[in-house]
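Presented below is the structure to which this report refers.
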Amino acid sequence: MVFPGLPARVAEIRQRMEEAVARGGHGQRVRLIAVTKGYGADAVRAAWDADIHDVGENRVQEAIDKMAGAVAPVRWHLIGHLQRNKVRLAERFAMVHSVDSARLADALNAAAVASARVLEVLLEVNVSGEAAKFGWAPHEIRAEGDRLTSLPGLRVRGAMTMAPLGASEAVLRTTFGGARAAAQVLREAGHPATELSMGMSGDYAIAVEEGATMVRIGTAIFAG
Ligand SMILES: *Cc1c(COP(=O)(O)O)cnc(C)c1O
């Protein structure tokens with residue numbers, strides 16, 4: 001599969017990201033993560049050729065299969081819900097964005113400790129409070145952040161969130177601002193939580209205005 005027009009779409013996304021950083025005033029650097037789920041290893045190659053060095057996958061097995069066929073040395077990010085019986089595969093990823101429960105955090109920690117590694121993770125925050133979403137409510141982050149300081153296998157690098165589908169600009173700003181506040185709480189607990197993973201094809205400009213340091217974009221890169 002080829003991706004006609006991909007370089008031009010990526011250039012436009014980078015331009016819009018840059019403008020959003022300027023408007024938002026947070027002055028952050030933003031990493032563009034190409035979400036390759038549903039596509040083959042050729043999408044990884046196409047992203048790499050467009051100078052994107054990070055790819056995101058929401059299913060572990062799909063990612064592992066793709067890693068085997070990928071010819072570019074990208075960093076792999078796990079962005080979807082992880083079942084606890086698959087935690088030993090987490091070490092294949094540069095970062096797990098979707099740590100969404102205390103039990104999963106504990107299981108990831110145990111797996112990392114067992115293989116003498118430290119796993120880079122983000123805590124998924126369910127700012128919008130949707131029942132179908134995974135993650136902690138914002139008010140739970142302080143206690144969980146304190147608790148996680150005792151887990152040597154995890155390095156808590158920040159927060160991740162997803163806005164409700166089709167949300168208004170006001171709701172997007174509340175959601176992304178809530179994740180930013182959660183990362184601040186994690187820093188207060190002593191974690192190196194400088195990362196904010198938020199923003200997808202439909203809402204990344206506002207996410208970047210609100211301080212995103214990583215955006216996860218699939219459709220706008222690969223489908224145009
Ligand atoms: C699919 C997915 C994305 C990318 O969504 P697009 O709308 O295609 O950009 C981002 N984050 C997560 C968690 C996803 O599952």
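Applying a length cut-off of 20 Å (Cα extent along the axis) and a mean Kyte-Doolittle floor of -0.5 to the DSSP H helices of the chain leaves 6-24, 169-188.
Basic side chains Lys and Arg get +1 at the Cβ, acidic Asp and Glu get -1 at the Cβ, and with that the dipole of the stretch 65-224 about its Cα centre reaches some 520 debye.
Working note: Karplus 6.51/-1.76/1.60 with θ = phi - 60° gives the stretch 71-82 the couplings 9, 10, x, 6, 8, 9, 10, 8, 10, x, 4, 10 Hz, where Gly and Pro are set to x. Cα centroid separation, the stretch 28-64 to the stretch 85-120: 20 Å.
Projected label points at E19 and A137, each 7 Å from Cα along the beta carbon direction, are separated by 3.9 nanometres. Using C-alpha pairs below 8 Å separated by at least 6 residues, the relative contact order for the stretch 29-103 is 27 percent. Compared with the direct C-alpha span, the chain from S168 to D42 gains 41.9 nm at full extension, assuming 0.36 nm per residue. Placing pseudo-labels 7 Å out from each Cα toward the beta carbon at R117 and N85 gives an inter-label distance of 2.1 nm. For D51 and V2, the FRET efficiency from 1/(1 + (r/R0)^6), where r spans their Cβ atoms and R0 equals 22 Å, is about 0.80. Extension gain, R147-S201: 0.36 nm per intervening residue step, less the Cα-Cα distance, totals 16.1 nm. Quote the relative contact order of the chain in percent (integer), defining contacts as alpha-carbon pairs under 8 Å separated by 6+ residues. RCO, the chain: 22 percent. With a simple spin-label model that places each label point 7 Å from the Cα along the Cα-to-Cβ direction, the separation between A94 and H26 comes to 1.9 nm.
From the Cα gyration tensor of the chain, with a ≥ b ≥ c the square roots of its eigenvalues, which class applies: rounded if a/c is under 1.5, or else prolate if a/b is larger than b/c, or else oblate? The shape class here is oblate.
Of all segments of the chain bounded by trypsin sites (Lys or Arg not before Pro) found in a DSSP loop with no more than 14 other C-beta atoms within 10 Å, the longest spans 118-224.
Restriction of the GluC sites (Glu not before Pro) in the stretch 126-224 to DSSP coil positions whose beta-carbon has at most 16 other beta-carbons within 10 angstrom yields E130.
Values in this text are rule-based calculations from the coordinates and carry no lab data. In this text, all values refer to a predicted model and were calculated from it rather than measured experimentally. Glycine also receives a Cβ, built like all others from the backbone with ideal geometry; neighbour counts cover every protein chain displayed.
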